[in-house]
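Enquirer: Structure below; questions to follow.
The values are calculated or read from the model by the stated rules, or taken from the named source; none is laboratory data. Since this is a predicted model, take the numbers as computed values, not measurements. With ideal geometry, Cβ positions are generated from the backbone for all residues, glycine too; neighbour counts draw on all protein chains shown. When the accessible area is computed, the model is the full protein with side chains, heavy atoms only, and any ligands, DNA or RNA have been set aside. Shrake-Rupley method; radii C 1.70, N 1.55, O 1.52, S 1.80 Å.
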Amino acid sequence: MRRLRPSLDWLLVLVPVSVALQLADGNELLIFLTSAGAILPLAGLIGRATEQLALHTGPRIGGLVNATFGNVTELVIAIFLILEDKTEIVKASLTGSILGNLLLVLGLSFLAGGLKHEEQSYNARAASIHATSLVLAVTALLMPALFALSQDGESAQQIFLEREVVSGTVSAVLIALYAAALVFTLVTHEHLFRTPSAEEHPSWSRGKAIGVLLASTAVVALEAELLVSSLEPALEDLGLSELFVGLIVIPIIGNAAEHSSAVMFALRDKVDVTLEIAIGSSTQIALFVAPALVFITFEVAAVALSTILVFMISSDGRSNWLEGAQLTGAYVIMAISFFFVEAL
Amino acid sequence: MRRLRPSLDWLLVLVPVSVALQLADGNELLIFLTSAGAILPLAGLIGRATEQLALHTGPRIGGLVNATFGNVTELVIAIFLILEDKTEIVKASLTGSILGNLLLVLGLSFLAGGLKHEEQSYNARAASIHATSLVLAVTALLMPALFALSQDGESAQQIFLEREVVSGTVSAVLIALYAAALVFTLVTHEHLFRTPSAEEHPSWSRGKAIGVLLASTAVVALEAELLVSSLEPALEDLGLSELFVGLIVIPIIGNAAEHSSAVMFALRDKVDVTLEIAIGSSTQIALFVAPALVFITFEVAAVALSTILVFMISSDGRSNWLEGAQLTGAYVIMAISFFFVEAL
Amino acid sequence: MRRLRPSLDWLLVLVPVSVALQLADGNELLIFLTSAGAILPLAGLIGRATEQLALHTGPRIGGLVNATFGNVTELVIAIFLILEDKTEIVKASLTGSILGNLLLVLGLSFLAGGLKHEEQSYNARAASIHATSLVLAVTALLMPALFALSQDGESAQQIFLEREVVSGTVSAVLIALYAAALVFTLVTHEHLFRTPSAEEHPSWSRGKAIGVLLASTAVVALEAELLVSSLEPALEDLGLSELFVGLIVIPIIGNAAEHSSAVMFALRDKVDVTLEIAIGSSTQIALFVAPALVFITFEVAAVALSTILVFMISSDGRSNWLEGAQLTGAYVIMAISFFFVEAL
């Protein structure tokens, strides 16, 4: 297992370096780069801890744990961005995180797993439930966007109030459906999703896994703050637009944990966990966080296209390297386009 | 069978009540509510009569009969709305009827059936034919909408004439394809759609079933007129927008027949008939009625999203309570959004 | 085989006729019609030669050869159109060619094959790879279109440069993915796509087939030049808009080769080759040619709808006459709408 993943642990040295730079009022670009770099090994630790935890809990709950803890990094970054009044970047980063999970994480996992194994199979039902959840999320994202277009005659305050009500109730429906999907897969129809028991035994105790998980998350929060506070000057130095950083750069940093875990499980031919991480994480973001923000149609279109691609590729319950390449390629195409767009 | 469905027959008392109120120039809101209430048990009678008829004809033709007679209520309401010059509400109610059948009728049927049976299976081919028909309808709805966008330099009269020609020919193509699908499922490839013969025997004669069907339809027409004529003042009292009434309220009343029949068949594990009712009814509306009216892109988008959801959920030929909850949830999300939209 | 396809060879007489008319400065409409008519038997020859070649190479490479040589006609017409500065028609004809291949070629093939055989089956994996490629192409078409919407503050020259970079890199990604799909189907996972060996033996030598292929292509180029140079005056005489000619007329002439080959293989129950020709050809156009041009959203919508239809119909690996009729019907609906649109 260790052999399959080149250790990034030496990058942990960037944690004290970034903190020292910040305390010394150092160069903002350096703080940005060192804090971004420090998040990667921390994400790796989170990934390793969740893998161990998954061996204690079984693959499906393990995938849920992975998806949830993978999103903690993004959530922390989002909170610091909101505190700095950068809601446009937050919205872009949520879209980017969904795209990154659906296309890049899943694509690289299928690609890596497919280069090692000729063909990998997984539970098509689970994939289908996730894809349906994503379409529900797209519906929920699209409806308020259309709603926003049609409020000509009303006062700003009334629009604000109505939007709050719509977002709140739509979110409640989505959360109820998310809970329903968990009840379905974990309780009423659990036998449909049982995977053959792993021959592997955890090498960490449950306590150690949880401890590493929590500690890494705490340090990630610290680094996220450094990242956000140095964001603006660093962007100017790098010549990147806020939109590109929100859609591509921040999600890649924030999803590093899911990346490493998902690819790892694909290499070990446990694609069910990979799917749970990649699609499950997207579903969580889309269902819980996104309805509270009104998205622009373009972002919804990108998420909708990604959802269609994932559905087409995952509905047969099989994956291979070409499907991985195709998902990754779709991500690259979008990233190239985003790179030249100033604002939308 | 009777035990499964709480009888609404006592609501038939609203038929004379609503007529009396109308003759006495009574309160418009009361006329609206009593006529709406009176349609429900009539729809129940229509449902029961078509069930009986279905036992005489076999499930597939039975489903077709259900779909057709379920649409009669909506057709009658639409005719009275057009006579009152409320074409905007008619258009909204046709969209709403498609959404209601695809999401609410199918969703509640899958939910009810799925709570009683662990998993229900049906003919995936039939579902696929319906889904393809719906995409054709979406194409037909979308093309004239785009066409309407591009007629800058022409006179109003010329635009009107051309639109008539486009709508007419597109409708002719769709009707021909609908007939082709019937020939396919009932004649050339009928053996693919044969379902195991029902053990059940009809308790009504064919004549009684047809008689109840026709009589109920006639009374529904009477109540529909009362409903439409009291609509405007009732809306003001209730504080509902015309759009919401067209998209949500009228279709729910108009689809009550399909609702009760579809859920009933799902509970009795005859999901093939449920699908024929719910999707077949949508297909009929979309193919026959809709191309004559130019829809706004938003309504086409809602229908397209619903079609994608139904395709994703029905392509495996299996249903369960979660899929029912997901379809119903999508409907609730749309209804919430529509509630706050004044006009589109 | 000859009996199945009425020979159009006598139309070859139009080759000298069209050339003579051009040399004599004859009526432009006559030149247009005779050159269009001359392309049909030439396309038939190309089709017959590729069929023979396909018997030498096996069905999958044969399909690729068919798709590529079928596109040569369109490519030649496009080149002459570009030389005459008619880029709008070129763009329309590329969209129209994708639509024609996906809906008309595939639809008529399924229809013809389905009337002869009750049900035809093919490799669903190959169809799925093509459908995914098409979604990638739609993504690639959509992204620059959105990109074009968002360049308010920049100079025309800068926009031009950025667009070149985006188009170039997106094209490179798509070409790499196309190559990856070829490697997958022909090398790494070739055994998944093996079809039962044809009992049939080629009646032409490999050399004769290649010779006829090249000679026919050369004469097609000559006729294409006549067609393009007489296009504008002929349109005025016929009362057709440039958009309609680009979207419908030119692609039907240009795809005649694929039409005859694809239908022929469907009649001989080799639907795998039919799919390779129809979808493979669309994929080639979409991947190689299209990203270099910025398309309007409407054209992307039409291609996206067609892709969804093809995916829905082909994902089960079976075809029948109804599916053929539905695809053809979708094409007719689009063509009717296009007929009345002056410009988009």
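Enquirer: Quick one: order C:GLU74, A:GLU28 from most to least accessible surface, probe 1.4 Å.
Expert: Result, largest first: A:GLU28, C:GLU74.
Enquirer: Tell me the relative contact order for chain A as a rounded percent, counting alpha carbon contacts under 8 Å between residues six or more apart.
Expert: 43 percent
Enquirer: Moving to a separate point now. Using a Cα-Cα cut-off of under 18 Å, which lysines could be cross-linked to B:LYS116, ignoring same-chain neighbours fewer than 8 residues away?
Expert: Cross-link targets: B:LYS270.
Enquirer: To the nearest 10 Å², what's B:LEU83's accessible area with a 1.4 Å probe?
Expert: Estimated to the nearest 10 Å², B:LEU83 gives 130 Å².
Enquirer: B:VAL183 label points, 7 Å along Cα→Cβ, one per copy: pairwise distances from this copy to the rest in nm, shortest first?
Expert: Between copies, matching label points for B:VAL183 lie 4.8, 4.8 nm apart.
Enquirer: Enter the mean number of other protein chain beta carbons within 10 Å of the beta carbon of each residue in A:125-136, as an integer.
Expert: Whole-number average of other-chain Cβ neighbours for A:125-136 is 4.
Enquirer: Per residue, how much accessible area does the protein assembly as shown show when a 1.4 Å probe rolls over the protein heavy atoms, in square angstrom?
Expert: Heavy-atom accessible area per residue stands at 37 Å².
Enquirer: What does the charge add up to near B:PHE80, with Lys and Arg as +1, Asp and Glu as -1, over the other residues with Cβ less than 12 Å from its Cβ?
Expert: -4
Enquirer: Let me ask you something else. For chain C, what % of the accessible area comes from carbon and sulfur atoms, probe 1.4 Å?
Expert: Values: 8290 of 12640 Å².
Ligands and nucleic acids excluded, carbon and sulfur reach 66 percent.
Enquirer: Per residue of C:320-331, how many C-beta atoms from partner chains lie within 10 Å of its own C-beta, taken as a mean?
Expert: Taking the mean over all residues of the peptide, I get 6.
Enquirer: Net charge around C:VAL105, counting only other residues with Cβ within less than 13 Å of its Cβ (Lys, Arg = +1; Asp, Glu = -1)?
Expert: Net charge in that neighbourhood comes out at -3.
Enquirer: Let me ask something else about it. Per residue of chain C, what 222 nm ellipticity follows from adding -39500 (n - 2.57) for every DSSP H run with n ≥ 4, rounded to the nearest 500? Don't skip to the answer; put the middle values down first.
Expert: On the way: 14 runs with 244 residues, N = 344.
Using -39500 (n - 2.57) per qualifying helix, the result is -24000 deg cm²/dmol.
Enquirer: Measuring nothing but label to label, 7 Å from Cα along Cα→Cβ, what are C:PRO16's distances to the other copies in nm, shortest first?
Expert: 9.3, 9.3
Enquirer: Using 0.36 nm per residue, how much length does the chain from C:GLU236 to C:ARG194 gain when fully extended, once their Cα-Cα distance is taken away?
Expert: Contour length minus the Cα-Cα distance gives 10.1 nm.
Enquirer: Still on this structure, please answer the following. For the interface of chains B and C, what total accessible area is buried with a 1.4 Å probe, rounded to the nearest 100 Å²? Intermediate results must be reported in sequence, preceding the final value.
Expert: Values: alone 15430 and 15420 Å², together 28060 Å².
Between B and C, the summed buried area is about 2800 Å².
Enquirer: Let me cross-check A:THR307: its accessible surface, 1.4 Å probe, with only protein heavy atoms counted, in Å² to the nearest 10?
Expert: Per-residue accessible area (A:THR307): approximately 10 Å².
Enquirer: Please find the FRET efficiency linking B:ILE82 to A:ASP25, where r is the Cβ-Cβ separation and R0 is fixed at 56 Å, and quote it to the nearest 0.05.
Expert: So the FRET efficiency works out to roughly 0.15.
Enquirer: Is there a simple number for the mean count of other chain Cβ atoms within 10 Å of the Cβ of residues in A:162-169, and what is it? The partial results should precede the final answer.
Expert: Details: counts 3, 1, 0, 3, 6, 1, 1, 7.
Average neighbour count from other chains, rounded to a whole number: 3.
Enquirer: How big is D for chain A, in µm² s⁻¹ as a whole number, if Stokes-Einstein is applied with the Kirkwood radius of its Cα pairs at 25 °C and 0.890 mPa s?
Expert: Approximately 119 µm²/s, per Stokes-Einstein.
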